[in-house]
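Below you'll find the structure, written out as structure tokens, and then a few comments.
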Amino acid sequence: MMLLKINNLCKSFGGLSAVLNFNLEIRENELIGLIGPNGAGKTTVFNLITGVYKPDAGEIIFKGENIGGLPPYVICQKGIARTFQNIRLFNNLTVMENVKIALHKNVPYSLPAALFRLNSFYRGEKEIEEEAIRWLKLFNLDHRREEIASSLPYGEQRRLEIARALATHPTLLILDEPAAGMNPNETLELMELIRRLRDEFKLAILLIEHDMSLVMGVCERIYVLDYGQVIAEGKPEEIRNNKRVIEAYLGEEV
Amino acid sequence: MIMNVFANRWGKLGAEILILAFIFLFVQYFITVGVFNQYHQIIITSLCINIILAVSLNLINGFTGQLSLGHAGFMAVGAYVSVVLTKFMGMPFLVGLVGGCLAAAAAGFVIGVPTLRLKGDYLAIATLGFGEIIRVILQNIEYVGGPAGIVGIPKMTTWGWLFAGVVITIATIQNLINSSYGRAIISVREDEIASEVMGINITSYKVLAFVIGAFFAGLAGGLYAHYFYIIKPETFNFLKSFDVLVMVVLGGLGSTTGAVIAAAFITLLSAALQAFPAIRMIIYALILILLMIYRPQGLMGNKELSVKILGKIWSGKNDAA
Amino acid sequence: MLELMQQIVNGLSLGAIYALIALGYTMVYGIIKLINFAHGDVMMVGAYVGFFSVSMLGTNIVVAMIFAMLACALLGVIIEKVAYKPLRRATRIAALITAIGVSLFLEYTTIFFLTPQQRIFPQGTFPVQDYSLAGISVSNKDIFIFISAILLMVILQFIVKNTKTGKAMRAVSEDKDAAVLMGINVDNTISVTFAIGSALAAAAGVMIGVYYNTINPLMGILPGLKAFVAAVLGGIGIIPGAMVGGFILGILETLVSGYGNSLYRDAVAFGILILILLIKPTGIFGKNTGEKV
Ligand SMILES: Nc1ncnc2c1ncn2[C@@H]1O[C@H](COP(=O)(O)OP(=O)(O)O)[C@@H](O)[C@H]1O
Ligand SMILES: [Mg+2]
């Protein structure tokens with residue numbers, strides 16, 4: 001079944017067209033890559049999907065409903081979660097608090113229950129605590145619970161950001177350069193993790209990545225973006241041999 | 001395990017009630033036997049009112065990260081509405097106080113919804129503007145005495161009311177902050193975009209914090225009005241808001257215990273310098289400037305002073321405070 | 001109609017004063033993104049320098065204005081170096097709180113040394129004369145204020161547009177890092193900006209002294225806030241915007257106190273501020289920019 005369908009999406013800044021007539025389709029449980037040279041407009045596409053930017057034109061159909069231009073929190077509640085190219089954790093808060101904030105979306109008690117410390121508050125906090133720990137264990141961050149997020153090593157910060165995104169229970173997870181700054185070993189582990197998450201949580205995943213081994217290794221289909229437009233789309237091996245893609249990347253490593 | 005949690009929770013509550021009862025009776029005893037004279041009682045009253053103001057402004061400025069400079073305006077609304085209810089309409093004090101709080105909260109909502117879309121320094125100036133508008137409006141309402149204000153307000157604020165006010169303010173705000181709703185509020189301060197993408201409606205949480213903060217500023221206003229006999233619009237100008245700001249900044253944005261300690265310090269400082277108002281203000285000014293340059297996080301940063309931390313300081317291992 | 005024209009003419013001199021103060025706000029904001037809350041108080045200091053120059057040294061009002069401008073230019077540079085420079089990398093909130101501190105400091109040290117009492121310019125500092133032009137009356141006071149304000153604005157425009165310093169100022173407000181690469185001394189440029197802005201405020205301070213005839217240590221607060229509103233109205237950081245905003249505000253205020261309730265005069269500025277922030281926070285001449293994620 002079709003999960004996300006983007007039609008003729010456009011966004012420009014001043015005179016610059018960052019995204020122009022962009023189209024994309026993702027089915028449930030698919031793993032899709034979005035690649036392209038720096039400044040091609042990939043991150044802008046993500047910002048449009050998640051409501052951080054408002055589209056100038058075009059539709060973003062998610063589960064049959066146009067979500068283009070809705071505020072980010074509504075889009076999150078509909079089931080899209082993301083990470084950021086430049087990690088945006090809640091830097092001064094603990095690892096645990098970072099995940100708990102993502103769980104707020106389904107907070108199991110009311111505001112008065114919190115203010116007056118009703119029983120449902122204590123029960124609810126216990127549930128939140130347990131679920132947060134489950135997510136941290138899954139990402140092997142359990143031992144870091146009480147540490148301040150910004151004090152974690154880079155690779156762990158990236159993992160925490162994914163854990164936090166997943167804690168919102170999305171059906172579509174979008175990752176902006178998840179392997180950036182990771183060493184080859186960490187990247188391999190990440191590939192494993194991405195596959196596992198997809199299977200375990202029945203997720204569709206859309207990722208931007210510069211590390212070609214990762215993209216080619218895990219993605220089932222790949223879109224190539226250049227100057228805001230899709231110049232190629234297909235299976236990894238098709239993309240690898242596509243002339244226009246090679247041209248677009250001329251001067252950059254493939 | 002569950003039994004354990006419960007035993008802990010009730011045990012803790014019991015201990016807290018015991019300590020509070022002790023503080024209350026202790027001060028009450030000294031007032032009754034006359035050790036605390038009129039002058040001391042005025043200081044105690046100012047202290048309690050300042051704590052309520054500082055802790056509630058800290059919810060907005062410290063925990064939510066939205067710099068508001070209009071707190072005195074909400075205090076004014078609480079003061080005037082409560083006096084209208086008690087003095088003009090003959091309602092009981094409790095009704096007056098609650099009415100004042102609700103009116104202030106409503107004012108907070110009306111002002112918060114449009115202005116909280118603004119960021120940082122723009123928000124600060126807009127809230128300052130709204131605070132001043134409230135004052136100008138009060139000056140123009142003949143029913144409440146115009147610029148001369150209301151005189152002859154019955155003195156109903158007692159130590160009991162003040163103490164209850166402080167406890168309820170601190171308890172409510174701490175309960176809020178230490179809950180999922182509070183984490184949502186703090187996430188807005190930390191990173192609005194990340195917070196919104198995590199499903200948090202940042203505008204509604206800013207408004208929530210603003211409304212609750214205004215509610216308690218209204219409480220402070222009602223308690224103030226029914227102690228000091230007279231209120232006039234000029235009392236609630238933006239210098240009053242700056243007073244509270246000094247306390248919050250000094251205590252550390254985002255630390256309730258910091259706000260309480262700073263409120264106490266500033267109250268005592270003002271009392272000591274009562275005869276030298278200019279010097280008092282110069283010291284406030286220097287506190288703001290020097291703190292921002294040398295210790296922008298304030299005395300406490302965003303940490304809370306607790307028995308545990310005290311213990312650590314005692315044993316000399318601490319670097320938190 | 002005549003009545004309306006009269007009110008507008010009355011508003012011009014007040015507007016000119018707001019415009020002068022607003023220029024300082026806007027220049028400083030443009031260059032270091034700080035709402036210099038103490039700007040109105042620098043104006044107050046200027047008024048006092050002018051007052052003492054007239055009353056103790058016996059100078060005329062023009063010389064007094066020049067003294068005030070020189071003294072405040074120096075004061076502005078000192079404030080910047082001592083209080084704001086250490087905070088250049090801090091959050092904007094921290095900088096704003098510092099500015100509030102500086103504002104309180106200037107007000108209350110003045111009260112401490114000079115008492116909170118208001119002072120009245122000596123008789124004959126400015127002999128008032130009214131002229132009538134096509135049924136509209138203007139005083140030489142208003143003409144003096146208006147003409148000297150316009151003169152100062154013209155000089156400012158010339159400095160910003162045609163001198164090396166002015167170009168450096170524009171470059172730094174455009175992009176500080178790029179300005180450094182181009183070999184511009186950013187620290188000096190910021191100091192010059194404070195000096196010029198403060199000098200303009202000082203001139204405005206002396207004008208307010210002439211306009212109301214009295215001065216006091218807290219006189220800078222309200223005109224300061226209003227001038228800030230004028231700067232926001234025109235688009236903060238934009239020099240012509242501050243001038244236009246100042247005149248609009250001055251005229252509106254005069255109209256409100258002329259036709260409506262003078263007690264609401266002080267609420268006009270804040271009403272405008274809130275409206276403009278809600279409708280177009282970038283002001284009349286401002287462009288919209290968004291955060292890059
Ligand atoms: N908020 C913004 N304001 C102005 N220009 C922007 C903004 N966001 C992105 N851009 C521009 O849009 C283009 C695409 O950027 P981006 O989507 O970040 O590229 P990518 O992620 O593919 O490297 C770039 O030229 C960038 O400078
Ligand atoms: Mg990118």
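When each of B:Thr203, B:Thr256, B:Thr235 is tested for being farther than 30 Å from B:Gln139 by Cα, hydroxyl-bearing (Ser, Thr, Tyr) and surrounded by fewer than 24 Cβ atoms within 10 Å (Cβ to Cβ), the lone residue that passes is B:Thr203.
One residue alone among C:Phe285, C:Phe270 is among the aromatic types (Phe, Trp, Tyr) and part of a loop (DSSP other than H, G, I, E, B), and that residue is C:Phe285. Looking at (1) in a helix (DSSP H, G or I); (2) more than 9 Å from chain A (Cβ to nearest Cβ); (3) hydrophobic (A, V, I, L, M, F, W, C), which is the only condition B:Leu208 fails? Of the numbered conditions (1) in a helix (DSSP H, G or I); (2) more than 9 Å from chain A (Cβ to nearest Cβ); (3) hydrophobic (A, V, I, L, M, F, W, C), the odd one out for B:Leu208 is (2). Within the range B:146-170, residues that are under 18 Å from B:Leu25 (Cβ atoms) sit with their Cβ atoms under 9 Å from residues that are open to solvent by less than 50 Å² (accessible area, probe 1.4 Å) and of a type in the set (Gly, Ala, Ser), at 6+ positions apart or across chains, in these pairs: B:Gly165/B:Ala220; B:Gly165/B:Gly222. For the range A:126-149, the criterion of being within 16 Å of ligand 2 (Cβ to nearest atom) and under 13 Å from A:Val99 (Cα atoms) is met by no residue. Number of residues in the range A:18-42 that are open to solvent by 30 Å² or more (accessible area, probe 1.4 Å) and within 16 Å of ligand 2 (Cβ to nearest atom): the value is 2.
Within the range B:165-181, the only residue that satisfies the criterion of being in contact with a Gly (Cβ under 8 Å, 6 or more places away or on another chain) and of a type in the set (Ser, Thr, Tyr) is B:Ser180.
For the range A:12-37, a tally of residues being touching a residue at least 40 places away in the same chain (Cβ under 8 Å), farther than 26 Å from A:Thr171 by Cβ and within 9 Å of ligand 1 (Cβ to nearest atom) returns 4. The residues listed here are C:Lys164, C:Lys176; of these, the one that is at pLDDT 90 or above and over 23 Å from the mean Cα position of the chain (by Cα) is C:Lys164. Checking the stated criteria, A:Thr83 turns out to be within 16 Å of ligand 1 (Cβ to nearest atom), within 14 Å of chain B (Cβ to nearest Cβ) and open to solvent by less than 10 Å² (accessible area, probe 1.4 Å).
Return the residues of the range B:143-188 that are within 11 Å of another protein chain (Cβ to nearest Cβ) and either at positive phi or open to solvent by 20 Å² or more (accessible area, probe 1.4 Å) (or both); say none if nothing qualifies.
Those that are within 11 Å of another protein chain (Cβ to nearest Cβ) and either at positive phi or open to solvent by 20 Å² or more (accessible area, probe 1.4 Å) (or both): B:Gly146, B:Pro147, B:Ile168, B:Ala171, B:Thr172, B:Gln174, B:Asn175, B:Asn178, B:Tyr181, B:Arg183, B:Ile186.
Please enumerate the residues belonging to the range C:258-276 that are hydroxyl-bearing (Ser, Thr, Tyr) and either buried (at least 19 other Cβ atoms within 10 Å of the Cβ) or more than 10 Å from chain B (Cβ to nearest Cβ) (or both). Within the range C:258-276, C:Tyr259, C:Ser262 qualify.
For the range C:32-47, a residue qualifies if it is in a helix (DSSP H, G or I) and either open to solvent by less than 10 Å² (accessible area, probe 1.4 Å) or touching a His at 6+ places or on another chain (Cβ under 6 Å) (or both), and the qualifying residues are C:His39, C:Gly40, C:Asp41, C:Val42, C:Met43, C:Met44, C:Gly46, C:Ala47.
Given (1) touching a residue at least 12 places away in the same chain (Cβ under 8 Å); (2) surrounded by fewer than 18 Cβ atoms within 10 Å (Cβ to Cβ); (3) not hydroxyl-bearing (Ser, Thr, Tyr), where does C:Leu106 come up short, assuming only one miss? If we test C:Leu106 against (1) touching a residue at least 12 places away in the same chain (Cβ under 8 Å); (2) surrounded by fewer than 18 Cβ atoms within 10 Å (Cβ to Cβ); (3) not hydroxyl-bearing (Ser, Thr, Tyr), just (2) comes out false.
Of all residues being of a type in the set (Gly, Ala, Ser) and part of a helix (DSSP H, G or I) in the range A:156-195, which is farthest from ligand 1 (Cβ to nearest atom)? Just the residue, please. The residue in question is A:Ala163. In this structure, A:Leu89 does satisfy being farther than 30 Å from B:Arg9 by Cα, at the interface with chain B (Cβ under 8 Å from one of its Cβ atoms), out of contact with any Cys (no Cβ under 9 Å at 6 or more places or on another chain) and more than 16 Å from ligand 1 (Cβ to nearest atom).
Pairs needed: first member in the range A:39-50, under 15 Å from A:Asn23 (Cβ atoms); second member anywhere, small (Gly, Ala, Ser) and more than 6 Å from ligand 1 (Cβ to nearest atom); C-beta distance under 6 Å; at least 6 residues apart or different chains. Final answer for the pair search is A:Gly41/A:Gly228. Just one of the listed residues (A:Ile148, A:Ile194, A:Ile174) is aliphatic (A, V, I, L, M), open to solvent by 10 Å² or more (accessible area, probe 1.4 Å) and in contact (Cβ under 8 Å) with a residue 40 or more places away in the chain, namely A:Ile148. If you check A:Lys5 against the conditions, is it away from every other protein chain (no Cβ under 14 Å), out of contact with any Lys or Arg (no Cβ under 7 Å at 6 or more places or on another chain) and more than 16 Å from ligand 1 (Cβ to nearest atom)? So A:Lys5 passes the test. Sub-7 Å Cβ pairs linking a first residue in the range C:248-265 that is β-branched (Val, Ile, Thr) to a second residue that is open to solvent by 60 Å² or more (accessible area, probe 1.4 Å), at least 6 apart or interchain, are C:Val256/C:Tyr264; C:Val256/C:Arg265, ordered by first then second residue. Among the residues examined, A:Leu9 does not qualify as more than 18 Å from the chain's Cα centre (by Cα) and free of Cβ contacts under 8 Å to residues at least 40 places away in the same chain. One residue stands out among those in the range A:200-254 that are in a loop (DSSP other than H, G, I, E, B) and acidic (Asp, Glu): the one that is least open to solvent (accessible area, probe 1.4 Å), which is A:Glu209. Taken together, the residues in the range B:261-309 that are under 21 Å from the mean Cα position of the chain (by Cα), free of Cβ contacts under 8 Å to residues at least 24 places away in the same chain, surrounded by fewer than 18 Cβ atoms within 10 Å (Cβ to Cβ) and within 11 Å of chain C (Cβ to nearest Cβ) amount to 0. When A:Lys54 is tested against the conditions (1) away from ligand 1 (no atom under 11 Å from the Cβ); (2) within 14 Å of chain C (Cβ to nearest Cβ); (3) part of a strand (DSSP E or B); (4) not polar (S, T, N, Q), the lone failure is (3).
It is to be established whether one or more residues within the range B:130-142 are of a type outside the set (A, V, I, L, M), assigned to a loop (DSSP other than H, G, I, E, B) and more than 14 Å from chain C (Cβ to nearest Cβ). The answer is no, given that none of the residues of the range B:130-142 is of a type outside the set (A, V, I, L, M), assigned to a loop (DSSP other than H, G, I, E, B) and more than 14 Å from chain C (Cβ to nearest Cβ). Listed conditions (1) within 14 Å of B:Asn58 (Cα to Cα); (2) within 11 Å of chain A (Cβ to nearest Cβ) are all met by B:Asn201, apart from (1).
The values are calculated or read from the model by the stated rules, or taken from the named source; none is laboratory data. Everything quoted here is computed from the prediction, not taken from an experiment. Because the Cβ atoms are built from the backbone with ideal geometry, glycine has one as well, and the counts that use them run over all protein chains shown. Surface accessibility is based on the protein's heavy atoms, side chains included, excluding ligands, DNA and RNA. Shrake-Rupley method; radii C 1.70, N 1.55, O 1.52, S 1.80 Å.
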